[in-house]
Amino acid sequence: MPFNNSVLLVSDIDLNEADYSTTLSGCIEQFSDYLESEPALYSPSTVVYYTTHADLALTIIQAFDPDVLPYTVCRSHVQYLVSEIVARGYSVKYCKHLITGLKKICKFYHNNIFDNITFRWSVDARPAANWLTESQAAQLLSLDLSPVQELILHLELCMGLRRSEVGRLKVSDIHNGYLDVHGKGSMGGKFRRIPFHHDTQKVLDRFLQYRRWLIDTHFARWGICDIPEQLLIWSNDSRGLFQYNIESGSGLDGILARISNLVYFDFSHHTLRRTFGRILHRSNVKIQTISKLLGHEDTATTVKYLGLDMDDMIDGMSMMRIKGIDDCDEI
């Protein structure tokens, strides 16, 4: 267990039940209201971070104690949470996020359970670069998203595009069954051609319908419309239609952040792209093919990009056979 053996000193919970909610959803709402009331201390993204992870941590504990609330959390609850998230294979970084959220909401409700708990997390064998589990990827793809959100998620998670490549895509880059992608580098970026994923046409059709509506709406209102050649565009009612800023990527970052708020785990553009490569790797796709799809110069870059975690090493060792020796052992 990732706990020391120190005695826990939990302060009395000085609460007025008339003031504090008796439901988990009510407690999360009160906690969120408090954080939002202190804008100098907590930005909107920080409020989302704390409330999301606190909610998820307590929801996990509910499988152990359905009546748990922030002010009733005790050592056994924390022990269950840690054992459960470790068993689920969450990264050490993500486990720490859950504990941080739970600590924060417990402190808000004057529950000092964490004052004398220390954690000894195991070493995470994975490299700093992260990726999603297949279940997390499936969860993202099952979300009810806007056409823009769906397209960005699809291009990065299901086709392995970089953020800058998504921003550079033009309508003219769409062909029958493949995309022309312009990657890193000057003069428009290094070119590569990527075949459609089996859902790509459906995702593109939905987005192109939305894009057409955006253009028609703007034209109907103003009678004039300069249409950017980029695939992804956005509208300012009074100024026109615009492409997303490829250099800063802030617009695309904001879209991804809103998707992230719908689930209980963090991810970035790089996370989605690496997950694409990892899923191909786990599906026994040749490293040379993955390298071409990702637009890497060589397979060595791809191997480093994908990373080898402990599961990969265990799988590799399980396939280790020495002819003549292992054959004899099986007799």
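Determine, yes or no, whether Leu143 is surrounded by 17 or more Cβ atoms within 10 Å (Cβ to Cβ), assigned by TED's automatic domain parsing to the domain that holds Leu232 and not β-branched (Val, Ile, Thr). It is false that Leu143 is surrounded by 17 or more Cβ atoms within 10 Å (Cβ to Cβ), assigned by TED's automatic domain parsing to the domain that holds Leu232 and not β-branched (Val, Ile, Thr). Looking at (1) modelled with pLDDT under 80; (2) touching a Ser or Thr at 6+ places or on another chain (Cβ under 6 Å); (3) not β-branched (Val, Ile, Thr), find the lone condition where His218 falls short. Condition not satisfied by His218: (1).
Each residue in region 182-204 was checked for being of a type in the set (A, V, I, L, M, F, W, C) and modelled with pLDDT of 95 or more, and 4 of them qualify. The residues listed here are Ser43, Ser37; of these, the one that is without any contact (Cβ under 8 Å) to a residue 40 or more places away in the chain and either surrounded by 14 or more Cβ atoms within 10 Å (Cβ to Cβ) or within 26 Å of Ile255 (Cβ to Cβ) (or both) is Ser43.
Leu35 - would you say it is outside any loop (DSSP other than H, G, I, E, B) and closer than 30 Å to Arg258 by Cβ? The answer is yes for Leu35.
Residues that are free of Cβ contacts under 8 Å to residues at least 60 places away in the same chain, over 19 Å from Asn116 (Cβ atoms) and part of a helix (DSSP H, G or I) within region 62-93 comprise Glu84, Ile85, Ala87, Val92, Lys93, listed in sequence order.
Condition check ((1) within 26 Å of Leu98 (Cβ to Cβ); (2) of a type in the set (S, T, N, Q)) across all residues:
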| residue | (1), (2) |
| --- | --- |
| Arg239 | no, no |
| Gln243 | no, yes |
| Leu252 | no, no |
| Leu262 | yes, no |
| Ser283 | no, yes |
| Ile290 | no, no |
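When region 282-292 is filtered for residues that are surrounded by fewer than 20 Cβ atoms within 10 Å (Cβ to Cβ) and either touching a Pro at 6+ places or on another chain (Cβ under 8 Å) or part of a helix (DSSP H, G or I) (or both), the ones remaining, listed by number, are Arg282, Ile287, Gln288, Thr289, Lys292. Is one or more of the residues making up region 89-98 surrounded by fewer than 17 Cβ atoms within 10 Å (Cβ to Cβ) and more than 20 Å from the chain's Cα centre (by Cα)? Checked against the condition, which is being surrounded by fewer than 17 Cβ atoms within 10 Å (Cβ to Cβ) and more than 20 Å from the chain's Cα centre (by Cα), region 89-98 yields no hits at all.
For Phe265, state whether it is in a helix (DSSP H, G or I) and of a type in the set (Phe, Trp, Tyr). No, not satisfied. Determine the pairs where a residue that is closer than 28 Å to Tyr90 by Cβ and surrounded by 13 or more Cβ atoms within 10 Å (Cβ to Cβ), located within region 294-315, has a partner that is of a type outside the set (Gly, Ala, Ser) and modelled with pLDDT under 65 with Cβ atoms under 7 Å apart, the partner being 6 or more residues away or on another chain. Hits for this filter: Gly307/Arg126; Gly307/Pro127; Asp309/Arg126. The residue list Lys184, Lys190 contains one member that is out of contact with any helix residue (DSSP H, G or I) (no Cβ under 8 Å at 6 or more places or on another chain) and either closer than 21 Å to Leu294 by Cβ or crowded, with 16+ Cβ neighbours inside 10 Å (or both), which is Lys190.
Could you please let me know if Leu252 is within 29 Å of Arg88 (Cβ to Cβ), in the same structural domain as Leu179 (by TED's automatic domain parsing), buried (at least 16 other Cβ atoms within 10 Å of the Cβ) and out of contact with any strand residue (DSSP E or B) (no Cβ under 9 Å at 6 or more places or on another chain)? Spelling it out, it is not the case that Leu252 is within 29 Å of Arg88 (Cβ to Cβ), in the same structural domain as Leu179 (by TED's automatic domain parsing), buried (at least 16 other Cβ atoms within 10 Å of the Cβ) and out of contact with any strand residue (DSSP E or B) (no Cβ under 9 Å at 6 or more places or on another chain). Scanning region 80-112 for residues that are aromatic (Phe, Trp, Tyr) and modelled with pLDDT of 85 or more returns Tyr80, Phe108, Tyr109.
Within region 203-240, the residues that satisfy the criterion of being over 30 Å from the mean Cα position of the chain (by Cα) and part of a helix (DSSP H, G or I) are Ile215, Asp216, Thr217, His218, Phe219, Ala220, Arg221, Trp222.
The values are calculated or read from the model by the stated rules, or taken from the named source; none is laboratory data. Quick caveat, the model's predicted, so the values are computed rather than measured. Note that we place each Cβ from the backbone using ideal geometry, even for glycine, and neighbour counts take in every protein chain shown.
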